[in-house]
Structures are given as C-alpha cells and as structure tokens.
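Accompanying notes for the structure given below.
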Amino acid sequence: MNPRIEDIISKTLIIVGILVFSTLFRLYSLDSDPPDFLSWSAATYIDEGYKSLDARNVVKFGTNFWSPYDQYRGHVNDSRLMYEMQLFIFENFGMKVINLRYMTVWISELIIAILLVTLAFFFKGRMVFFTGLALSINVVYYFHSKVALYELPMLLLGTALMPLLFVFLSHRVIKHTALRVGYIALIIVLIGLFTGAGMNIKESFLIYLCSILAAFFFASILPYFRKRNRFSPALQPDRIFLYLMALIGAVAVVLYLWGGNRYVNKPLMLVGKIWFLEVIYLQPNTFLLAVLSCIAMMKVFFNKRYLHYSRAELLEYQIDLFFTMQLFFSFMLVYLAAYSPLRYFLFSEISIVYLAARFAGNYDSEMRILTQRPLKKRGAAGSFFIFLLVFYIAVQAVIFFMMLLVDFENRRLIMDNFYLNIIQGNFADKHVQMVLILILMLLPVAYYFARHYDEVVHFIKKRASSRVMVFLLIQIQLIYLLSWEFNKTSSIREAMNFVNTLPAERVIIGDWAPMLALESDLKIIYSNPRERKNMNNIPKLDPDYVVANSGSREEEAYNSYVPGLIKPENVIYAFKVQSFDIKIYKVDKKIPPRG
C-alpha cells in the first residue's frame, strides 16, 4: 500500500476512534452532578438554569418576562447567539436540561475533531493520538463538556480559526502571492465574523481572541527574521515579546488604579491565587509537562535556534510556538482578571493539553532542547523564573494530595478561609497562617531544585522515557475520574424531580430556582440576596416557594427584606451539593407587606 494512503487511513482511524470513545464517555452519567473537586463557583451548578431563563420564558409564556415586576434582565441581549440556540433546543427537543447538555457534548466533540484533523495535516499519527487521548479524559475539559455553560461554544469559535491560521503558516498550500493576499483577506473577514459571534455569546471571548491573535502574530513573523540583519535588534521577536509583556503589565496597573478591582485583581488576590487555582491542581502532571514544553519552546525562541531550522522544522516550531504563546497570554489575562473562575481557564486548556501531549510524544527532542547549554548565560531573571516555577509546582503538588486525602468540608475550610482572609489582608486567621507556614517550608525545597536545575533536568532525561511521560499524561486524570465514578451524586437531578411535582403556575424564587425548576410548570423568578436582584419586589412577585442557600445564610437575607417570608418549619426539600446547603421553603400566604 502507498505509504501516504496508509498514513491517511491510520490517522483517520485514530481520529474516528478518539471521537467515538470521547462521545460515549461524555454521554455517560450526563445527568449526574459535577464533582465537588471541579470548581468552587456556584455557576458550575446553576448557570445552566438561570442563563436559559429567557428562552424558557419565551416558550412557556411567549415573553422574556412573565411578570412586570421582574428586575432580572436576563441574557437575551448580551448573549443573543446562545439565547437563539437555547430557544431552538427547547422548541424542537423539549425543555430538558439534558438537551442543553447534549448540545455541549456535540460542541466539545467538534472542538476535538477540528483540532485533531488540523494536527493530522502537520504531525504524525502518534501526536494526533496522544493529543486526542489526553483531551478525551482531561478532567477540566471533560466535566465542562457535560454542563451547558457558555465557554465551550466560545472555545469552538477559537478552535475553528486554527486550521485557517496554520494553513497560512504553511507555504505548501498557498504559494502564489496574490492568492496569499486573498487568503489573508479571508482570514480577516472570518476573524471579524467569529468576533461578532463570540461577543454575542459572552464578552470574555475577547480574552480568548486576543490570546489567539497574539500567538498567531509571533508564529507568523518568524520566517521574516531568518536573515539576521533584516531588522534591528530592537525589533526582533524576543524583544517584541518583552515589549508586549511590559505593555500588559502597565495596562494592568493603570486599570487597577483607575477601576479598582473591577477589571484586575487586588495584588494580594494575585498571591491568593497561588493556593487557589483549580486549572493546575486538577491536572498537575499535564500542566507540568505543558510548562516544560513551554520552556523548551521559549528557549528556542530567545536563543533564536529557529534560524537554523529547515522549512519543515520551522513550520512545526511555528505551531508549537503558537500554542505556547496562546497558553501564556490567555493564562496571564485570565489570572490578572478580577473574576477568573475555572471555566475561564478553558481558554488555555487546548494549548495546555497540546503542549503536554507534544512533550510526551516528542520527549527526546524536547529534553535535548532543555538540556542544551544556552547561547546566552542564564541571568538573574531566568534563575528567578525557574525558582518561581519550581516553587509553584511544589505548592500545587501539595494541593493535589490534599484534594485526594482530605475530606471536602476540611478542604473547603482551608481554601475558603485562606482565600477570603488573604484578599482582606488578614494574616491573623489560623488557616492563612497554616498555609503560609506550609509555603515557607516549601521555599528551601524550591530553592534547592532551582539551584540544581540543570542537574535535575539531566537526571530526568537519563532516568525517564517517553512511555513514562505518556503515563504521567493520563495518570492523575484517571485518578480524578475514578474518584468521581465512585463518589458521584445526582442531588440536583433528584431535586429537579421533586420540584416537577409541585403544583403548576406557582411562583418560585431564588438564585438556584431557575436551575431546579427549569423543567417544571412553575413560574420562575431569579433573585439573589448578594446582588439584590428582585429582593425589593418580593411582595409584588408573591412567591409560593423560596430556594435558599443555608450555607450563605440566605434565609436571614430574605427575611430582612420581607419579615417572616422564610420559616424553618416550612422547609419542604433539602439537599447538599459541594459546599452548597440548599433548602426549598413553602411560603405562608399572604406575604406581610414590607415594613
């Protein structure tokens, strides 16, 4: 058989096999709750309901708002594309949360398919297989593929741009100058269209798009710098990168001084995130392999070793650099943001998985780069960066073992108290002191490994192998998946089944109400004591049921607005999921007027 045809068949079988496996895997237990280790944000559990409330109201009542007193404006204007998709699903397939989740599963599979088919044009089947396998079982990506949030549709738009961008990097496809100019125009038009679509999903798409465009810029300019004297040293790619980093830092400072913590986090919160970053401790091995690959790529970048690459080698390096830069910029922009939940770090996840798979599949070559003596002596900045990296990995390793060995309530106490107190500058709290003591104990370890970095890298190269790297790529992901399998719950599904039995046309309010009552015949009002949404209008809305989070003492908040609204003896259903203690109360009629 022709080797080219054999290669195509082999890659096709790999891609089809990965897609079949990952689809069936995602459809498994689609009704179950997200695991308690996934995210500390309530959005993972309730956003499916309240962000589809507009579409539900239109199907049920013919309008976005069934009551003139409803102050919640919904997402129909800010997320028009998602609203139209939700409306289509409800009208054609029924008002079931699982139908929304089916949509997310297919979107996640489209992302995998586009990525793998694209990589198949530029890399061997081994790389396609490792990337597909890693992405199929990656905990962060997997569990977000099973809930109908807005981030995966945005991820699909960004991934759909990648084939077009990578084809541009390759001169094999478009060699004629006129066609190349036309292709650039096509890319610009599509970027404009995708930007419009992404912004009609969520404004945070801008973070993802900027990271993609910045990464593409650096990957695409490399061939123009192969002649050393073509541009001055001040305009070399590595210098441009440093200028851009300085610009981002300056903008972050200006935004903080101008808008407080509305746009960027408080300086202390940036420290707090060292301890509180799910995207790392949920995949420590994957993240470590991705970081090692990043170091190798940036070492080539700053030492300009790409100047000596052949055209084929340069093209592969351009793609590697694209994912490296995309990871760097997306991760940094989300990390600096005032609001940066785990689902926003999905903007970095494709690059994390790709780079980790690249390191595992191309282990010998990447270790050769890491162990090569740099053309320039490592300065203080480089040594400090290595120290920070080693220290950060040590902290995340501790958190990983805590996630496995410490029960959820104690984990929550340690993490929540550290997070809440550090942001207020309160160092007297015992949980803050405990974490800081642990961090101080890790500093000497980090210093030792950073000081002996070259010896450690040579030791890894000598003792480890590509097979070990592949094992590390999937090992911890399998541990988390098995933990979920043996401990999974369906508390939200059971609560929804109960709410479905309540009398039709009654009014239910609360921030969990849109999720729990999505499939019922109740009238839903989204109310949130923290945001004061609809709290002043409770007497006019005349609720029959209130859903409250006892863990946040929401009963007291509701009763402060309407005395006697919630009474302990009127609880009709209660359940716990993650750190949320949810109770459904029946309201005694009539609600006394607010005094």
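Worth pointing out:
- Of the criteria (1) of a type in the set (Ser, Thr, Tyr); (2) touching a residue at least 40 places away in the same chain (Cβ under 8 Å); (3) in contact with a strand residue (DSSP E or B) (Cβ under 9 Å, 6 or more places away or on another chain), which one Ser520 fails: (2)
- Considering the conditions (1) part of a loop (DSSP other than H, G, I, E, B); (2) in contact with a Leu (Cβ under 6 Å, 6 or more places away or on another chain), Trp40 is excluded by exactly one of them, (2).
Residues are listed down the side, and each one gets a yes or a no for (1) at pLDDT below 75; (2) basic (Lys, Arg); (3) surrounded by 12 or more Cβ atoms within 10 Å (Cβ to Cβ); (4) under 20 Å from Val279 (Cα atoms):
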residue	(1), (2), (3), (4)
Phe400	yes, no, yes, yes
Arg412	yes, yes, yes, yes
Phe418	yes, no, yes, yes
Asp429	no, no, yes, no
Met434	no, no, yes, no
Ile437	no, no, no, no
Met441	no, no, no, no
Val445	no, no, yes, no
Asp454	yes, no, yes, no
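- Of note, Ala360 does not satisfy the criterion of being in the same structural domain as Leu478 (by TED's automatic domain parsing), within 30 Å of Leu152 (Cα to Cα), touching a strand residue (DSSP E or B) at 6+ places or on another chain (Cβ under 8 Å) and not hydroxyl-bearing (Ser, Thr, Tyr).
- Residue pairs whose Cβ atoms lie under 8 Å apart, sitting 6 or more positions apart in sequence or on different chains, and linking a residue in the range 302-323 that is in contact (Cβ under 8 Å) with a residue 12 or more places away in the chain and assigned by TED's automatic domain parsing to the domain that holds Phe216 to a partner that is among the polar types (S, T, N, Q) and in a helix (DSSP H, G or I), are Gln318/Ser220; Asp320/Ser293; Phe323/Ser351.
- Within the range 277-313, the set of residues being aromatic (Phe, Trp, Tyr) and not in a helix (DSSP H, G or I) comprises Tyr309 only.
- Meets criteria (in contact with a strand residue (DSSP E or B) (Cβ under 6 Å, 6 or more places away or on another chain) and within 15 Å of His144 (Cβ to Cβ)) for Asp33: yes
- Within the range 222-259, the set of residues being of a type in the set (Ser, Thr, Tyr), at pLDDT below 90 and part of a helix (DSSP H, G or I) comprises Tyr224, Tyr256.
- Residues being surrounded by fewer than 24 Cβ atoms within 10 Å (Cβ to Cβ) and over 19 Å from Ser365 (Cβ atoms) - total across the range 314-330: 1
- Hits in the range 278-292 - residues which are touching a Phe, Trp or Tyr at 6+ places or on another chain (Cβ under 8 Å) and either over 14 Å from Ala394 (Cα atoms) or aliphatic (A, V, I, L, M) (or both): Glu278, Val279, Ile280, Leu282, Leu289, Ala290, Leu292
- A single entry from Ile479, Ile492, Ile460, Ile474 fulfils the requirement of being in a helix (DSSP H, G or I), touching a residue at least 12 places away in the same chain (Cβ under 8 Å), touching a strand residue (DSSP E or B) at 6+ places or on another chain (Cβ under 9 Å) and not charged (D, E, K, R): Ile492.
- The range 484-506 - residue that is within 19 Å of Asn57 (Cα to Cα) and touching a helix residue (DSSP H, G or I) at 6+ places or on another chain (Cβ under 6 Å) and, of those, surrounded by the most Cβ atoms within 10 Å (Cβ to Cβ): Val499
- Residues in the range 558-582 that are surrounded by fewer than 18 Cβ atoms within 10 Å (Cβ to Cβ) and more than 19 Å from Glu494 (Cβ to Cβ): Asn559, Ser560, Tyr561, Pro563, Gly564, Lys567, Pro568, Glu569, Asn570.
- Selection count, the range 18-37, where residues are without any contact (Cβ under 8 Å) to a residue 24 or more places away in the chain and either surrounded by 17 or more Cβ atoms within 10 Å (Cβ to Cβ) or touching a Leu at 6+ places or on another chain (Cβ under 9 Å) (or both): 0
- Where Asn536 falls short, out of the listed (1) more than 32 Å from the chain's Cα centre (by Cα); (2) under 16 Å from Val587 (Cβ atoms): (2)
To keep it simple, each residue is scored yes or no on (1) aromatic (Phe, Trp, Tyr); (2) assigned by TED's automatic domain parsing to the domain that holds Ser348; (3) in contact with a Ser or Thr (Cβ under 7 Å, 6 or more places away or on another chain); (4) within 30 Å of Ser52 (Cα to Cα).
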| position | (1), (2), (3), (4) |
| --- | --- |
| Ile112 | no, yes, yes, yes |
| Phe130 | yes, yes, no, no |
| Phe143 | yes, yes, no, yes |
| Ala160 | no, yes, no, yes |
| Val167 | no, yes, no, no |
| Tyr183 | yes, yes, no, no |
| Lys202 | no, yes, yes, yes |
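- Verdict on Asp47 being over 23 Å from Asn497 (Cβ atoms) and either assigned to a loop (DSSP other than H, G, I, E, B) or among the charged types (D, E, K, R) (or both): no
- When Ser340 is tested against (1) part of a helix (DSSP H, G or I); (2) farther than 23 Å from Leu165 by Cα; (3) touching a residue at least 40 places away in the same chain (Cβ under 8 Å), only condition (1) is not met.
- The range 523-543 residues that are under 10 Å from Tyr72 (Cα atoms) and crowded, with 17+ Cβ neighbours inside 10 Å, paired with ones that are at pLDDT 90 or above and among the polar types (S, T, N, Q) (beta carbon under 9 Å, 6 or more apart): Lys533/Ser527; Asn534/Ser527
- Which listed residue is part of a loop (DSSP other than H, G, I, E, B) and within 36 Å of the chain's Cα centre (by Cα), from Asp511, Asp588, Asp581: Asp511
- Residue in the range 154-163 that is in a loop (DSSP other than H, G, I, E, B) and either within 17 Å of Thr286 (Cα to Cα) or of a type outside the set (Asp, Glu) (or both) present: no
Residues checked against (1) at pLDDT 80 or above; (2) crowded, with 19+ Cβ neighbours inside 10 Å; (3) among the aromatic types (Phe, Trp, Tyr):
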site	(1), (2), (3)
Leu206	yes, no, no
Ser211	yes, yes, no
Phe216	yes, yes, yes
Ser220	yes, no, no
Pro267	no, no, no
Trp275	no, yes, yes
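- Condition check for Tyr363: surrounded by 17 or more Cβ atoms within 10 Å (Cβ to Cβ) and modelled with pLDDT under 85: yes
The values are calculated or read from the model by the stated rules, or taken from the named source; none is laboratory data. Here the structure is a predicted model, which means the values were calculated and not measured. For neighbour counting, all protein chains shown are included, and Cβ atoms are generated from backbone atoms with ideal geometry for every residue, glycine included.
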